[in-house]
Structures are given as C-alpha cells and as structure tokens.
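See below for the structure under consideration.
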Amino acid sequence: MTTPQLLSPEFTGIDDLTLAEVDAKLKEHQQLLQVLLQSPGSMLSYLPQNDSALVAQADAQQDAEQLFQQAVALSQQQHGHQAATFYCRAAYAGHLQAQVQLGHCYLKGAGVPKSAVLAYSWFILAALQQDKTAEQACTVLCKHLTAVDQQQAQQLAAERFEKITLQNNK
C-alpha cells in the first residue's frame, strides 16, 4: 500500500491492511531507522554533538556495559526480576545486547510480565542495529502477533528509540 493510498478517504485504518502490507510498512520503518543508525560519525550523528558530548557518550556506553554485566551476573544467580531491571537500565542506555536480553525476558516472562508485544518492541530496536538474533526473533514473532499488536510494538519501539537517542545525547 502506498502513502497516497494510506491518505485516501477509503483507508479506514490498520484493519484495512493485510498482514503482508503491515509487514512491508514495518520493513520501511526499520529501513528508515537503520539509515539513521548507520549515519556517519556517532551512532546517531544526525543530532548535534560537541567534544564534551562525545566524552559523555563514551562514559554512558561504559556505564551501560557495567549495567549489562550486572544483569548477566544476576541472571546467572537466578535473580530474574533484578536481572531484568539491570537489562532494562542498560537497554535504555543504548546497550544492544541488553535490548536483546530484555526482549527474551519479556518473551519468557523472566523477571517481568510475559509479553510478546513488549518483547517484539525490544527486538525491533536491536534488529535495527543488525543483531541477527533479534532479526530472527522479529521474523518469528511477526507471524504470531496480530496487526494491532505489531503496530503497538512498533510504536513502543519508536518511542524508546527517541528516549534512548535523547537520553544518550545530552
């Protein structure tokens, strides 16, 4: 479905889209975010940065790695809720593997409420960064989620993308 078709008076919403069309839209949005993520320079170089911002970003990445390592240790000790909390903090700090692991936590209900929609939203963010595990998870989950669930997950991923971007470029 093209943009003019989406804007036409006959289009009444997501219910008019087939699953294939929703999947195509998801791929379009993923490609757009992927272009933004792969911009030259920093991970999100389309935002203005200065030297102090680059130093702060490096510190944030180190902090995110420490949070992720704490989550891994807690997970190995079977402290699911605490591990999920640290995965979440690292994921919001932009840590790729934390985003993937948080997606798995939501998928399994490990330390967090079980939610395929929330899992899918985290997998989308990680897949945009070329994570193969997340890409596979998106492919599988897409087949099991309704179009409305997929749209909700995409919206959550977009909101999280903005939050992560703004938070990591202060």
(message) Can you report the number of residues in region 78-102 which are within 13 Å of Arg160 (Cβ to Cβ) and hydroxyl-bearing (Ser, Thr, Tyr)?
(response) 1
(request) For residues that are over 12 Å from the mean Cα position of the chain (by Cα) and either outside any loop (DSSP other than H, G, I, E, B) or in contact (Cβ under 8 Å) with a residue 24 or more places away in the chain (or both), tally how many sit in region 107-136. (result) 9
(message) What's the number of the only condition in (1) over 18 Å from Gln97 (Cβ atoms); (2) in a helix (DSSP H, G or I); (3) out of contact with any helix residue (DSSP H, G or I) (no Cβ under 7 Å at 6 or more places or on another chain) that Gln154 fails to meet?
(response) (3)
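Every residue, every condition in (1) at pLDDT below 95; (2) more than 17 Å from the chain's Cα centre (by Cα); (3) surrounded by fewer than 16 Cβ atoms within 10 Å (Cβ to Cβ), yes or no:
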{"residue": "Ala56", "(1), (2), (3)": "yes, yes, yes"}
{"residue": "Asp63", "(1), (2), (3)": "yes, yes, yes"}
{"residue": "Ser75", "(1), (2), (3)": "yes, yes, no"}
{"residue": "Tyr92", "(1), (2), (3)": "yes, no, no"}
{"residue": "Ala98", "(1), (2), (3)": "no, no, no"}
{"residue": "Gln101", "(1), (2), (3)": "no, no, no"}
(request) Scan region 135-146 and give yes if some residue there is touching a helix residue (DSSP H, G or I) at 6+ places or on another chain (Cβ under 8 Å) and under 22 Å from Thr165 (Cα atoms), otherwise no. (result) yes
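The values are calculated or read from the model by the stated rules, or taken from the named source; none is laboratory data. From a predicted model like this one, the values you see are computed outputs, not experimental measurements. Neighbour counts run over all protein chains shown; Cβ positions are idealised from the backbone, glycine included.
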